Amino acid sequence: MEGNTEKIILSQSTFSSQVEDEKSEKEKIVVEDESHAVRVRKIIIAGQIIAGIMIIVLWEGLSRIGWLDSYYWSRPSIIVRTGWMAVSTGTLLEDTFYTAGATIIGFILGTLAGSMIGLSFWWSTIYARITEPYLVAFNAVPKLALAPVLVIMFGIGFESKAILAFLMTVIVAALAACSGVNSVDRDLEKMLFSLGAKKRHVFTKVVIPSAIPWMVSSLKINIALALAGTIVGEFISSRQGIGRMILYAGQIMDLNLVWVGVVVLSVLSIVMYLGTLWLEKWLLKNRKY
Amino acid sequence: MIKLEVKNSSKYFEKNNNVFCALKSTDMAITEGKFVSIIGPSGCGKSTLFNIIAGLLKPSTGQVLLDGKNIIGESGRVGYMLQKDLLLPWRSILDNVILGLEIRGTSKKEARKRALPMLKKYGLNGFENHFPSELSGGMKQRAALLRTLLYDQDVILLDEPFGALDAQTRLLMQSWLLKIWGDFKKTILFVTHDIDEAIYLSDEIYIFSHRPGCIKDHVTVNLSRPRNEATFTDSLFLNLKQKLLASLAEEQEQTMRS
């Protein structure tokens with residue numbers, strides 16, 4: 001303690017170079033702290049990559065020495081080869097875009113429509129109270145079970161898949177927006193009315209911004225639900241899509257191709273999830289609270 | 001000149017089939033440009049009265065006259081600030097302050113241009129682009145009050161605006177409020193629990209009685225302005241404080257008994 005004070009007094013009164021020394025010494029400590037955090041992060045990322053590689057290597061190795069039956073479990077190298085074949089000679093890319101397209105369109109329309117339904121509840125309590133139980137009930141209906149009806153109704157094309165994805169997402173989005181509406185601080189509404197606001201002002205300036213975090217929180221669930229809806233639609237009846245490819249490969253017992261489908265769907269799902277994260281960040285970019 | 005007049009206003013609520021009276025035939029006449037405080041025990045109907053004047057609640061009987069015109073049920077005719085700052089957390093301080101202007105239809109750009117000098121002048125310089133969560137309680141109350149001021153009504157209702165602040169900040173805010181009041185020449189109606197605060201700030205004080213809420217007493221504060229720390233030890237101040245304390249103590253006793 002004493003030595004420290006002495007040092008500071010010295011550096012302040014005598015040499016400016018000593019002040020600089022003191023400063024650089026302090027800065028070094030800070031830099032070291034940060035580099036420690038960076039190092040830990042690097043270790044974590046490296047660990048994650050190594051773990052991923054080990055799973056693939058283990059899968060490959062175990063199926064090569066016969067501990068895993070490669071007929072059922074396939075093998076990473078075969079999956080890559082089969083996948084490449086499906087891209088170059090088959091229609092894997094088109095199928096991927098087909099599935100992704102139906103999912104994203106269903107997801108966007110479902111989220112928008114659901115959010116509008118949920119937000120509309122703010123305007124009239126009577127209307128909201130009448131509608132809410134039906135919303136909850138419809139949420140409980142296993143909508144995938146309706147897939148055959150939808151395919152017959154809307155054909156085996158793109159529409160039936162997008163509609164299934166839409167149905168999967170719309171209710172979740174509506175319920176999320178509805179929770180958002182219910183969470184609006186009544187005093188904020190009161191404050192706005194005291195500033196002479198009409199209902200539409202309160203709606204645009206308080207209700208929608210208050211509900212946004214609630215609506216955004218449903219996006220990640222909804223993108224996965226939309227993908228499930230599309231795939232089931234393709235399972236039922238379709239000419240294109242990854243779901244159809246998997247079903248077809250299963251029927252001709254080409255399990256390697258099934259694995260290709262699973263891998264493509266996983267990657268698709270991760271990419272869309274990351275897209276949703278980005279969307280989430282963008283929608284909440286002004287939220288610093 | 002009488003700016004705001006409350007005539008024979010009362011409010012009854014029904015709860016579990018029991019009708020109870022939150023506000024009993026209240027009469028008030030507020031002169032233009034005056035600083036008027038209302039003190040009283042909690043649950044004495046002060047907030048009910050404010051909600052009626054602000055047009056957010058309709059009285060069961062009586063009238064509220066602003067410049068001689070009945071404004072019952074018309075919100076937005078007077079500025080109203082609640083105890084909570086009620087800043088929108090997703091808006092910057094500047095964008096919060098211009099809310100009233102925006103609702104009136106002023107463009108955001110124009111509104112910001114008008115608000116910025118006010119923020120600078122009244123202690124929020126450098127905070128205009130901060131978000132409410134980054135500000136201290138006192139700063140937030142300043143922003144909330146500036147929002148009410150910028151809405152530009154002649155009469156401003158303040159419902160315990162400093163109730164949640166610590167004593168030190170509260171003193172600062174009181175002087176700040178007096179300065180603003182001097183600059184803008186508004187008519188202010190101020191609710192508080194704090195007798196010192198009421199005397200220090202006001203020209204007149206109304207004392208409300210416990211349930212049913214009604215005016216029990218009305219005093220004029222003859223302390224000279226501008227007021228400062230010395231005001232707190234003025235003999236006039238102390239006499240008035242004693243009188244108000246006695247009056248409120250009676251009320252507290254009744255509250256305890258009921």
Filtered hits (aspartates and glutamates, Cα-Cα < 20 Å from A:K161, offset >= 8 within chain) -> A:E94, A:D95, A:E234
Any of B:K3/B:K121; B:K24/B:K243; A:K199/B:K179; A:K198/B:K185; B:K11/B:K241 with alpha carbons more than 26 Å apart? Name them for me. B:K3/B:K121; A:K199/B:K179; A:K198/B:K185; B:K11/B:K241
Other chains' Cβ within 10 Å of B:84-90 residues: what's the mean? 6
Quick one: which residues, 5+ away or cross-chain, put their amide H under 5 Å from the amide H of B:T26? H built at 1.01 Å from N. B:N8, B:S9, B:S10
Dividing the surface of the Cα convex hull of the protein assembly as shown by four yields a projected area in nm² of 41.9 nm²
Accessible surface ranking that places the most exposed of A:D185, B:D159 first, with a 1.4 angstrom probe: A:D185, B:D159
Inside 10 Å of the C-beta atoms of B:96-108, what's the mean count of C-beta atoms belonging to other chains? 2
Within a Gaussian network of chain A (alpha carbon springs, distance under 10 Å), most fluctuating of A:R129, A:R239, A:R41: A:R41
In Å² (nearest 100), what accessible area is buried between B and A, both sides summed, heavy protein atoms only, 1.4 Å probe? 2000 Å²
Looking only at aspartates and glutamates whose Cα falls under 15 Å of B:K7's and that sit 8 or more positions away or on another chain, we get B:D27, B:D67
On a straight-distance basis, which lysines could pair with B:K108 in a cross-link, Cα separation under 16 angstrom, same-chain partners fewer than 8 positions away excluded? A:K205
From the phi angles alone, apply the Karplus equation (6.51, -1.76, 1.60; θ = phi - 60°) to region A:53-62 and give each ³J(HN,Hα) in whole Hz, x where the residue is Gly or Pro. 4, 4, 4, 5, 4, 4, 4, 4, x, 4
Solvent-accessible area per residue, Å², over region B:85-152 with all protein chains present [probe radius 1.4 Å]: 39 Å²
Given charges at beta-carbon only (K, R positive; D, E negative), |dipole| of chain A in Debye: 1020 debye
Could you check what % of the DSSP bridge pairs in the protein assembly as shown are antiparallel, to the nearest 5? 55 percent
Given R₀ = 25 Å, what would the calculated FRET efficiency be for B:D166 paired with B:K243, taking r from the Cβ atoms and rounding to 0.05? 0.35
Amide H contacts under 5 Å for B:K3, placed H, 5+ residues apart: B:I30, B:T31, B:E32
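The values are calculated or read from the model by the stated rules, or taken from the named source; none is laboratory data. This structure is a prediction, so every number in the text was calculated from the model and none was measured. All Cβ positions, even for glycine, are placed from backbone atoms using ideal geometry, and neighbour counts span all protein chains on display. SASA here: full protein model, heavy atoms, side chains in, ligands and nucleic acids out. Shrake-Rupley method; radii C 1.70, N 1.55, O 1.52, S 1.80 Å.
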